[in-house]
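So the structure is just underneath, and the comments pick up after that.
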Amino acid sequence: MGRYFSTLRIFWIASLTAELEYQANFLIELVATAGNLVGSIFVLSLFYGRGQSLGGWSWEGALVVLGVYTLLEGVTSTLLQPNLSTIVAHVRTGSLDFVLLKPIDSQFWLSARTFSPWGLPGIALGAGLIGYAAWKAGASPAPLTLLAAALMLVASLLILYSLWFVLAASSIWFVKIWNATEVLRSVLVAGRFPVSAFPAGLRAFFTFVVPVAFLTTVPAEAILGRASGPWLLAGGIVAAGSLAVSRWFWQFALRFYTSASS
Amino acid sequence: MDFAPKPVRMAIVRAQGLGKTYRVADKQPGLAGTLRHFVNRRERTIAAVRDVSFSIEPGEFVGFLGANGAGKTTTLKMLTGLIHPTSGTVEVAGCLPHRRQAAFLGQITLVMGQKQQLIWDLPPLDSLRVNAAVYGIPPAESRRRIDELAEMLELGDELRRPVRKLSLGQRMKAELLAALLHRPSVLFLDEPTLGLDVNAQARVRSFLADYNRRFGATVLLTSHYMADITALCPRVLLIHEGRLFYDGGLETLTQRLAPCREVRLELQAPLGAEAFASYGDVEAIEGREVRLLIPRERLTEQVGRLLADLAVVDLSVSDPPIEDIIGRLFHQGALA
């Protein structure tokens, strides 16, 4: 275990060294994320303009959902996106060979190898919005609420990660999978709104097929202190299941890896 | 007198009936072919490696020969566990490679002349730090090994420069360092001298010989450059169309494949080809210089006659370059 931590530290120091050559990026990313967030808040405010509500959620509650979404986007830019593109490049050029030859879990290497600081503004803004909106909504920071919130956020991150990783792993067969990631990204955009705001059919789709509900709505419920036991349990099960599927799928995909010719 | 029993030598690499078949898309060129392929996907099976068996003992330096597409790289990938064999068994360092256990991976390394593991934008030292962490080498030990290998490879300041700024030869040496930091006992080298100039090739070659001697490492080497094989490998495996065609000493292979030796003559005055008919096969005549092929068993006799009969200024005997011999035999299908 210790070896994994020291490896992770060195991975991220190396990526930071490489990325920090471009300081201007940080400012650009901060402005872009903030602009995006302001746009999303504006769209959301349109729904609440004339005293209406969205799927039974208060304005502050909906802001918490948006905060969780922004946080997930930040994590995507920090870890998921850069590592996913590296996996595809590894498969295309055959340098996946070197990863497979290292005495360390290849899924760990591929998922954690790069770290891009440019998503950090998104994570900070998301966390800030969650804190502000939860306070406005009058959520009590009771230990049990905080614990449930933390657990559901972790579960949501694990589900998102597993979805991305399975897609990335499928590049072993399809090599170019950018289209698929675009589809996933646009489906995930639905996570900006509480899942109850969607019509029944879509709601089922976002709960059972692509678990968008577990990505933002369930964590937001937990943050607001209204998550029920069964939903928390379901969140945990879906997260553990997704992670297990991603691990199984990777081992399965590797059996088909032929390694680009040399 | 030494009465100590000879240590029992166990094979460190063992392949038994190894085979690998690929399914590839059978697709006609052009748009029509692409469409037909899209609607009606047809696949065909290609046997890249068929029934290959051999074993290598610890410390051996073995050359792996064969034309492009003969199955060398596929075999190496099965030996390193990158791909699953379709049939047969492989055992390397007492492990089954395709399980890729840490105990196995810590003992082997694969160097590929066409692929690189060093991080392009960073100096090699950063990649080395990553490798040291992954293999669990403590910092002090890793620094000691880097110094030792850098000295053997004649690398210095290059380790602190971004990889993209290095020459091909420097990069290859840094790749070797990265591949050997965990001190593997089995080295699989796939064209490690590819594209290097003659000097850089020679340096890599002497490093490999040195490493093999110093650490008793087992090496399986493929190379396009025959000089690598003749300088390093007492034993060679020759693979052709996926089958193991020869396994034994390089000397014997040369004798078997090249029953003739090449005799170069420099004459006082030019002569026609018919003048040499009774001595051997004429390879080339360029003015006063003549190249003849003479069967090994008649060499001494014929050279004696040549010297006695003709006005010879200079005479030398050599083996024809082995890549020519192999190339010619493969070309003629004599090995099929």
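Annotations
- Partner shielding of A:91-102 amounts to 5, given as the average count of beta-carbon atoms from other chains within 10 Å of each residue beta-carbon.
- B:R214-A:S45 pseudo-label distance in nm [points 7 Å out on the Cα-to-Cβ vector]: 6.9 nm
- Once the Cβ-Cβ distance of B:D147 and B:R42 is raised to the sixth power relative to R0 = 45 Å, the FRET efficiency obtained is 0.20.
- R0 of 22 Å, Cβ-Cβ distance B:R298-B:Q268: FRET efficiency to nearest 0.05: 0.35
- Remark: the A:F208-A:T93 segment gains 37.8 nm on full extension, using 0.36 nm per residue and subtracting the alpha carbon distance.
- Panel values: the stretch B:48-155, Kirkwood radius from alpha carbon pairs, Stokes-Einstein at 10 °C and 1.306 mPa s, translational diffusion coefficient 97 µm²/s.
- Dipole size of the stretch A:2-254 about its Cα centre, with +1 on Lys/Arg Cβ and -1 on Asp/Glu Cβ: approximately 260 debye, rounded to the nearest 20.
- Fewest-first sequence of B:F276, B:F64, B:F104, A:F5 by Cβ atoms within 10 Å of each Cβ: A:F5, B:F276, B:F104, B:F64
- For the residues of A:2-8, the average number of beta carbons from a partner chain within 10 Å of their own beta carbon is 3.
- Ordered by the number of other Cβ atoms lying within 10 Å of each residue's own Cβ, fewest first, A:Y69, B:Y135, B:Y225 fall into the sequence B:Y225, B:Y135, A:Y69.
- When A:H90, B:H84 are arranged by Cβ crowding within 10 Å, least crowded first, meaning fewest neighbours, the order is B:H84, A:H90.
- Euclidean distance of C-alpha centroids, the stretch B:175-194 and the stretch B:232-281, integer Å: 32 Å
- Other protein chain C-beta atoms within 10 Å of residue C-beta, averaged over B:113-120: 4.
- Scalar couplings 3J(HN,Hα) for the stretch B:127-137, obtained by applying the Karplus form with A = 6.51, B = -1.76, C = 1.60 to θ = phi - 60°, are 5, 5, 5, 4, 4, 4, 5, 5, 8, x, 8 Hz; x denotes Gly and Pro.
- Radius of gyration and Dmax over the Cα atoms of the protein assembly as shown, both given in Å: 32.2, 118
- Span from the the stretch B:105-154 Cα centroid across to the the stretch A:192-254 one, whole angstrom: 42 Å
- Applying the Karplus relation 6.51 cos²θ - 1.76 cosθ + 1.60 with θ = phi - 60° to the stretch B:176-186 yields 3J(HN,Hα) values of 4, 4, 5, 6, 10, 4, 7, 6, x, 9, 10 Hz, where x marks Gly and Pro.
- Within the stretch A:231-253, backbone nitrogen closer than 16 Å to the virtual label 7 Å beyond the Cα of A:A142 toward Cβ: A:232
- Amide proton proximity set for B:I12, modelled H, under 5 Å, gap of 5+: B:I56, B:E57
- Karplus 3J(HN,Hα) series, Hz, for the stretch B:19-27 with 6.51 cos²θ - 1.76 cosθ + 1.60 (x for Gly, Pro): x, 9, 10, 10, 9, 10, 6, 9, 10
- Beta bridges assigned by DSSP with both partners in the protein assembly as shown are antiparallel in approximately 70 percent of cases.
- Where a label projected 7 Å from the Cα of A:I28 along Cα→Cβ would reach, residues of the stretch A:103-132 with amide N under 17 Å: A:116-122
- Among the listed pairs A:K102/B:K173; B:K20/B:K173; A:K102/B:K165; B:K27/B:K173; B:K20/B:K165, those whose Cα-Cα separation exceeds 30 Å are B:K20/B:K173; B:K27/B:K173; B:K20/B:K165.
- FRET efficiency, A:F256 to A:R3 (Cβ-Cβ, R0 35 Å, nearest 0.05): 0.75
- By the Kirkwood approach, averaging reciprocal distances over each pair of separate Cα atoms, chain B gets a hydrodynamic radius of 23.2 Å.
Readers should treat all values here as calculations from the given coordinates under stated rules, not as data from a laboratory. Note that this is a predicted model, so its numbers are computed, not measured. Every residue, glycine among them, receives a Cβ derived from its backbone with ideal geometry; neighbour counts consider all protein chains shown.
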